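The values are calculated or read from the model by the stated rules, or taken from the named source; none is laboratory data. Everything numeric here is computed off the predicted structure, so don't read it as measured data. Every residue, glycine as well, gets a Cβ built from its backbone with ideal geometry; the counts of neighbours run over all protein chains shown. In case anyone asks, the SASA skips ligands and DNA or RNA and just uses the protein heavy atoms, side chains included. Shrake-Rupley method; radii C 1.70, N 1.55, O 1.52, S 1.80 Å.
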Amino acid sequence: MAVTTTPVDDGAIDGFGEGLHGELLRPGDPNYDETRAIWNGMIDRRPALIARAMGVSDVIAAVNFAREQDMVLAIRGAGHNIAGNAVCDDGLMLDLSAMRSVQVDPEEKTARVEPGATLGDFDHEAQAFGLATPLGINSTTGVAGLTLGGGFGWLTRRYGMTVDNLRSVDIVTADGELRHASDDENPDLFWGVRGGGGNFGVVTSFEFDLHEVGPEVLTGMVVYHGADAPDVLRHVRDFNETAPDESTVWMVLRKAPPLPFLPEDVHGEDVLVVVPFYAGDMAAGEDVLAPIREYGDPIADVVGPHQYAEFQQAFDPLLEEGARNYWKSHNFSTVSDDAIDTVVEYARDLPSPLS
Ligand SMILES: Cc1cc2nc3c(=O)[nH]c(=O)nc-3n(C[C@H](O)[C@H](O)[C@H](O)COP(=O)(O)OP(=O)(O)OC[C@H]3O[C@@H](n4cnc5c(N)ncnc54)[C@H](O)[C@@H]3O)c2cc1C
């Protein structure tokens with residue numbers, strides 16, 4: 001698509017703005033800088049216009065305007081995409097963050113979620129009925145971007161990726177039409193949406209299956225000295241080979257944050273954080289996770305019953321908005337000893353306490 005640096009027709013912009021229920025922002029407007037800022041502080045882009053949608057009608061208007069004016073359209077859910085795709089230079093940014101309602105049907109065990117909802121919004125509503133669907137590990141991430149990219153978290157081994165739990169979407173396609181896509185209706189579009197990112201239209205509503213989870217789950221942290229990492233990583237890798245789907249174990253190599261349960265002389269030192277999680281019966285979880293908790297010589301073990309919705313926010317303070325981020329990822333079907341040794345070697349040179 002051709003990119004125009006600024007829309008040529010001021011009259012068309014005024015007409016677009018007047019037709020919106022939400023605000024239309026231009027450079028220099030009071031909320032402009034705040035609205036174009038996203039989670040990754042590395043991203044500094046200046047859209048020509050920002051439309052803050054309040055509903056489907058605003059989304060249709062924005063898609064039609066971008067098409068008619070040949071403008072690049074960037075879609076913002078909760079703005080967590082590290083590459084910064086939620087915001088563009090010179091084009092139209094469609095900010096969906098005000099559309100964040102979550103409606104749960106406890107009988108049907110389904111949820112309808114608007115595209116600006118965060119994982120925290122979703123869990124808050126679903127957990128009122130002891131329900132959940134697999135989402136990510138940081139409560140301020142957007143349901144929209146996470147789902148459209150696949151989505152994985154603590155419940156994924158048990159209930160699949162987030163997209164596996166998607167029943168249907170309402171989506172505004174590039175021609176400005178609102179379409180419903182599911183296994184039965186527009187199935188090709190539904191297939192594309194499940195993992196294809198934002199390339200198939202603007203999703204205005206997601207419908208999810210829900211599962212009974214919590215409200216308490218067995219989880220927490222076991223923290224080891226960095227020197228123990230090669231050995232403990234191998235142990236957890238082997239544990240995962242035969243662990244039941246209810247369990248998930250997540251590991252992070254980093255400098256120890258100043259958490260209250262860690263001795264002060266460890267703060268800032270290399271540590272391996274092992275986070276076991278069990279989505280099921282608490283007593284069964286104790287037995288399943290015992291080999292993780294009884295291994296080696298940990299500095300701290302704070303595994304115990306936690307409210308699921310609260311645990312979903314536990315890592316928020318370590319993932320602060322506005323920090324300058326560079327991320328890279330690799331997928332392995334098996335974790336070899338060589339891979340473990342390489343990761344540990346590079347983790348010894350982490351450049352900052354945030355890495
Ligand atoms: C701190 C942090 C923790 C994370 N943890 C996890 C995790 O545990 N599991 C996991 O799977 N992912 C995780 N992620 C990755 C996250 O899922 C992606 O970055 C995702 O894109 C964020 O969605 P968003 O709505 O917040 O992002 P945005 O940046 O707002 O959107 C991302 C892209 O999705 C598209 N998009 C957004 N909304 C719509 C819409 N309504 N219709 C069409 N396209 C749309 C757009 O193209 C946009 O560019 C994490 C990210 C961060 C920053």
### Task
Using a 10 angstrom cutoff on alpha carbons, build the Gaussian network for the chain and name the most mobile of Asp170, Asp70, Asp184.
Asp184
### Karplus (6.51, -1.76, 1.60) ³J(HN,Hα), θ = phi - 60°, over segment 132-137, in Hz, Gly and Pro reported as x
6, 10, x, 10, x, 9
### Task
Treating the angle as unsigned and between 0 and 90°, give the value, to the nearest 10°, between the Cα long axis of helix 229-242 and the longest Cα principal axis of the chain.
80 degrees
### Task
Quick one: work out Rg over Rh on the C-alpha atoms of segment 102-212, Rh as Kirkwood radius.
0.95
### Task
Return the calculated 222 nm mean residue ellipticity for the chain, to the nearest 500 deg cm²/dmol, obtained by summing -39500 (n - 2.57) across DSSP H runs with n ≥ 4 and dividing by the residue count.
-7500 deg cm²/dmol
### Query
How big is segment 206-355 in terms of Cα radius of gyration and Dmax, in angstroms?
16.1, 48
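At 1.4 Å probe size, with the rest of the protein present, what percent of the exposed accessible area of the chain is carbon and sulfur atoms? Let's see the in-between values first.
Numbers: 8450 of 17350 Å².
The computed percentage sits at 49.
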### Query
With θ set to phi - 60° and the Karplus curve 6.51 cos²θ - 1.76 cosθ + 1.60, what are the ³J(HN,Hα) couplings of segment 164-170 in order, to the nearest whole Hz, using x for Gly and Pro?
5, 9, 8, 8, 6, 9, 9
### Dimensionless Rg over Rh [segment 10-95; C-alpha; Kirkwood]
0.94
### Query
Expressed as an acute angle from 0 to 90° and rounded to the nearest 10, what is the orientation of the C-alpha long axis of helix 337-347 relative to the principal long axis of the chain?
70 degrees
## Note on the structure
Expected field for Lys328, accessible surface area in Å² at 1.4 Å probe radius, rounded to 10, holds 150 Å²
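State the extension gain, in nm to one decimal, for the chain segment bounded by Ala283 and Tyr346, taking 0.36 nm per residue of separation less the distance between their alpha-carbons. Could you put the intermediate results ahead of the total?
Values: separation 63, 0.36 × 63 = 22.68 nm, distance 3.79 nm.
So the extension gain works out to 18.9 nm.
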### Summary
For the pair Val56 and Glu216, the simple spin-label estimate (label points 7 Å beyond Cα toward Cβ) gives in nm 4.3 nm
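In Å², and per residue, what accessible area does segment 10-95 have when probed at 1.4 Å with the other protein chains present?
On the way: 3600 Å² over 86 residues.
Value for segment 10-95: 42 Å² per residue.
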### Query
If each of Leu354 and Glu269 carries a label point 7 Å out from its Cα toward its Cβ, how far apart are those two points in nm?
2.5 nm
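Taking the convex hull of the Cα atoms, report for segment 49-141 its projected area averaged over all directions, in nm². Display every interim value, and only then the final one.
Numbers: hull surface 26.8 nm².
Projected over every direction and averaged, the Cα hull of segment 49-141 covers 6.7 nm².
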## Note on the structure
Place a point 7 Å from the Cα of Phe129 in the direction of its beta carbon; the residues of segment 197-222 whose amide N falls under 13 Å from it are 208-213
### Per-residue HN-Hα couplings for segment 111-119 [Karplus 6.51, -1.76, 1.60; θ = phi - 60°; Hz; x = Gly/Pro]
9, 10, 10, 7, x, x, 5, 8, 4
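Would you mind working out the accessible area per residue for segment 102-212, using a 1.4 Å probe, and quoting it in Å²? The partial results should precede the final answer.
Numbers: 4580 Å² over 111 residues.
Using a 1.4 Å probe on heavy atoms only, each residue of segment 102-212 averages 41 Å².
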## Note on the structure
Taking only C-alpha positions in the chain, Rg and Dmax in angstrom work out to 22.3, 70
### Task
Bin all alpha-carbon pair distances of segment 274-355 at 5 Å intervals from 0 and give each bin's fraction as a whole percent.
3, 9, 14, 16, 20, 21, 13, 4, 0
### Message
Please compute the modelled spin-label separation between Ala83 and Phe332, points set 7 Å along Cα→Cβ, answer in nm with one decimal.
### Response
2.5 nm
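Count charges around Tyr308 for me, please; just the other residues with Cβ under 9 Å from its Cβ, Lys/Arg as +1, Asp/Glu as -1. Don't skip to the answer; put the middle values down first.
Working: positive: none; negative: Asp123, Glu216, Glu310.
In short, -3.
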